[in-house]
Amino acid sequence: MKTLKFDTIVAGVGSVGAAACYHLARRGARVLGVEQFNIPHVRGSHHGHSRMIRQAYYEHPDYVPLLRRSYELWEELQSGSALSPFFHLTGGLYIGSDDGTIVAGSRLAAEQHGLEYEMLDAGEVKNRFPAFAPDCNHTGFYETKAGFLVPERAISAHAEAATNLGATLVTGETVEGWTAHQDHVEVRTSLATYQADQLVIASGAWTGEVAAELGIELKVTRQVLAWFEPLGDRARFAPENLPCWFIETEPPYGHYGFPVMPGDFGLKVALHRPGSPIELAHLSAEDHQPRQDEIDGLRTVLERYLPGCAGDLIHTCTCRYTNSPDGHFIIGKHPRHDRISIACGLSGHGFKFSSVIGEILADLALFGRSALAVEFLSPARFQ
């Protein structure tokens, strides 16, 4: 059988992989994207109807230039897509104590990069956003240029744009191995063998299998999401009255949620903290439904900080974090193979960056470098 050849193969067509396929095809490359499930699917970390996007990045100020480019790319993608809007700016409210991480870190990033923001004491938070009941020692940080993405639509838009530009996307094929040769890369899947000049690995939770040679320990954890029936006047949960929010309940982690948009399940809440580990052997299995104690924990947070807002449980699901050793992304060339580029370990805060990470991966594959400053995310830091 003749081996099919491409300029670049992308292993994994999830949030980052779909974006990489689009940006590679946009640059005229012959692209093959290989996905073991559907596009999109519910066994990774790109479902759940909403993912927060924000610029005042408390995790590290060096992410802000990447976010600014990410915003540009999301707006561009949405303007060219026939799908329903998937990029919504609603404002973002982050609440925590002064000696915590989220408020101080957000303020540092905002001041370092000239972002607009407002500081609110606990009383001002309550007056401006009446649904919230912060602790008396809490401070609020508010930024206008925050909101959320609808991940399923965003991935579909990237995949559709990629195929319109000539990319080949195959589903139901599992990448079983690859070999980097001097003049090409060979990729073996469950159905075929392919060759390409470059390989991009964007396999999410499966990166530990696909890129085991990288030698970086990636921990995959199970995360619980829940939606509750909003009580009272639904207008108080609209974006103008209830922005996207994050409360530092378990420093440096916390709970987050979103306003209620037309057609939404209801009030969404989740815990941003690595959950229970998932073994590699169980990655392809369907995740079990959340336990009652997990749901009760989420309801308790809503009752404390948004009292009288949450009614009956409407919907639950689980997703996955792929956590790097230091909680920061891993993006760059493989330390030992120049024909391999990798993005992994997004650690639960990476979806908002997927548009720009796809662009970075395309530039690394085709030109060997990116114009954006991503050296602080290089896999070489673990060597």
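SER203 meets all of the listed conditions (1) in contact with a helix residue (DSSP H, G or I) (Cβ under 6 Å, 6 or more places away or on another chain); (2) surrounded by fewer than 24 Cβ atoms within 10 Å (Cβ to Cβ); (3) outside the structural domain of ARG273 (by TED's automatic domain parsing) but one, namely (2). The single condition among (1) surrounded by fewer than 16 Cβ atoms within 10 Å (Cβ to Cβ); (2) closer than 23 Å to SER15 by Cβ that GLU35 does not meet is (1).
Picking from residues in region 332-371 that are in contact with a helix residue (DSSP H, G or I) (Cβ under 9 Å, 6 or more places away or on another chain) and among the aromatic types (Phe, Trp, Tyr), the one that is surrounded by the most Cβ atoms within 10 Å (Cβ to Cβ) is PHE353. Applying the set (1) under 30 Å from GLU72 (Cα atoms); (2) touching a residue at least 60 places away in the same chain (Cβ under 8 Å); (3) part of a helix (DSSP H, G or I) to ARG339 leaves exactly one unmet item: (3). Among the residues of region 193-242, the ones that are of a type in the set (Phe, Trp, Tyr) and closer than 19 Å to CYS344 by Cβ come to 1 in all. Selection of strands (runs of 3 or more DSSP E) fully inside region 56-132 by the criterion of at least 3 residues being within 28 Å of HIS328 (Cβ to Cβ) returns 87-89, 92-97. Per this entry, CYS319 is counted among residues that are hydrophobic (A, V, I, L, M, F, W, C) and closer than 26 Å to HIS158 by Cα. Residue-level check: of (1) surrounded by 15 or more Cβ atoms within 10 Å (Cβ to Cβ); (2) in contact with a Ser or Thr (Cβ under 9 Å, 6 or more places away or on another chain); (3) in a helix (DSSP H, G or I), ARG304 misses just (1).
Residues in region 206-217 that are among the hydrophobic types (A, V, I, L, M, F, W, C) and crowded, with 22+ Cβ neighbours inside 10 Å were compared, and the one that is modelled with the highest pLDDT is TRP206. Looking only at residues of region 70-81 that are surrounded by fewer than 17 Cβ atoms within 10 Å (Cβ to Cβ) and touching a residue at least 12 places away in the same chain (Cβ under 8 Å), we find that the one that is nearest to GLU240 (Cα to Cα) is GLU75. Residues in region 278-295 that are surrounded by 10 or more Cβ atoms within 10 Å (Cβ to Cβ) and under 23 Å from ASP312 (Cβ atoms): ASP287, GLN289, PRO290, ARG291, GLU294, ILE295.
Consider ARG43 carefully, then state whether it is in contact with a Pro (Cβ under 8 Å, 6 or more places away or on another chain) and under 19 Å from PHE351 (Cα atoms). Considered against the rule, which asks whether it is in contact with a Pro (Cβ under 8 Å, 6 or more places away or on another chain) and under 19 Å from PHE351 (Cα atoms), ARG43 comes out as no.
ALA212 meets each of the listed conditions (1) more than 19 Å from HIS41 (Cα to Cα); (2) touching a residue at least 60 places away in the same chain (Cβ under 8 Å) apart from (2). Looking at region 127-147, I want the residues that are closer than 14 Å to PRO259 by Cβ and have a partner that is of a type in the set (D, E, K, R) and surrounded by 21 or more Cβ atoms within 10 Å (Cβ to Cβ) with Cβ atoms under 6 Å, at least 6 apart or on another chain. Which pairs are those? So the pair list comes out as ALA146/ARG54.
GLY28 falls short on exactly one of the conditions (1) part of a loop (DSSP other than H, G, I, E, B); (2) on the phi < 0 side of the Ramachandran plot, and that condition is (2). Restricting region 261-274 to residues that are at pLDDT 95 or above and crowded, with 16+ Cβ neighbours inside 10 Å, which is nearest to GLY208 (Cα to Cα)? Top of the filtered list is PRO274. Scan region 264-284 for residues that are in a loop (DSSP other than H, G, I, E, B) and under 23 Å from GLY350 (Cα atoms) and jot them down. Those that are in a loop (DSSP other than H, G, I, E, B) and under 23 Å from GLY350 (Cα atoms): ASP264, ARG273, PRO274, GLY275, ILE278, GLU279, LEU283, SER284. Could you tell me whether region 143-152 includes any residue that is among the aromatic types (Phe, Trp, Tyr), modelled with pLDDT of 95 or more and not in a strand (DSSP E or B)? Within region 143-152, not a single residue is among the aromatic types (Phe, Trp, Tyr), modelled with pLDDT of 95 or more and not in a strand (DSSP E or B).
The values are calculated or read from the model by the stated rules, or taken from the named source; none is laboratory data. No experiment lies behind these values; they were computed from the predicted model shown. Reconstructed Cβ throughout: ideal geometry from the backbone, glycine too, with neighbour counts over all protein chains shown.
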